[in-house]
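Just below is one structure, and these are the notes that go with it.
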Amino acid sequence: MGKAWRPRTGPAPAGRNMGPGGPSPPLRSSPGVRPTSFADPRGVCRPASPSMTRRCVMNRRLRYRLQTMPEPERAVFDRARYRDLDYIQIAAELDISVAEVQRRLSSAMRHLVGWK
């Protein structure tokens, strides 16, 4: 799937956790203990709050939509969103026109939000 979750160690990034008294101390966590609001490796979501329940449902829907996306749209979506290529580079890589790239990306986005 991805990298295993590990508690953050070291100083907080600049501009974060700044209060009136200066930076707050870093969060402490037991080694190897993950918050229950993250999905576990099996893909099971164990939400800690109602807002996390909604996020788990939305993540599940997004994963399903990505898995069921038609391959031509998926190829364009992958290159545009994950590889950060522009339309001209995508068109050259897939040997299609820029207008076709735009059409397929639009179709992919409609698929993700559930429009037909």
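Quickly run through region 91-108 and pick out the residues that are without any contact (Cβ under 8 Å) to a residue 12 or more places away in the chain and assigned to a helix (DSSP H, G or I). Correct list: Ala91, Ala92, Val98, Ala99, Glu100, Arg103, Ser106.
Conditions tested, residue by residue: (1) assigned to a helix (DSSP H, G or I); (2) without any contact (Cβ under 8 Å) to a residue 12 or more places away in the chain.
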site	(1), (2)
Ser51	yes, yes
Cys56	yes, no
Asn59	yes, no
Leu66	yes, no
Pro72	yes, no
Arg81	yes, yes
Asp84	no, yes
Ile88	yes, yes
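Being of a type in the set (A, V, I, L, M, F, W, C), crowded, with 16+ Cβ neighbours inside 10 Å and over 22 Å from the mean Cα position of the chain (by Cα) holds for only one residue in Ile96, Ile90, and it is Ile96.
Computed from the coordinates by the stated procedures, all read-outs in this text should not be read as laboratory data. The structure presented is a predicted model; accordingly, all values stated were derived computationally and were not measured. Using ideal geometry, Cβ is built from the backbone for each residue, glycine included, and neighbour counts are taken over all protein chains shown.
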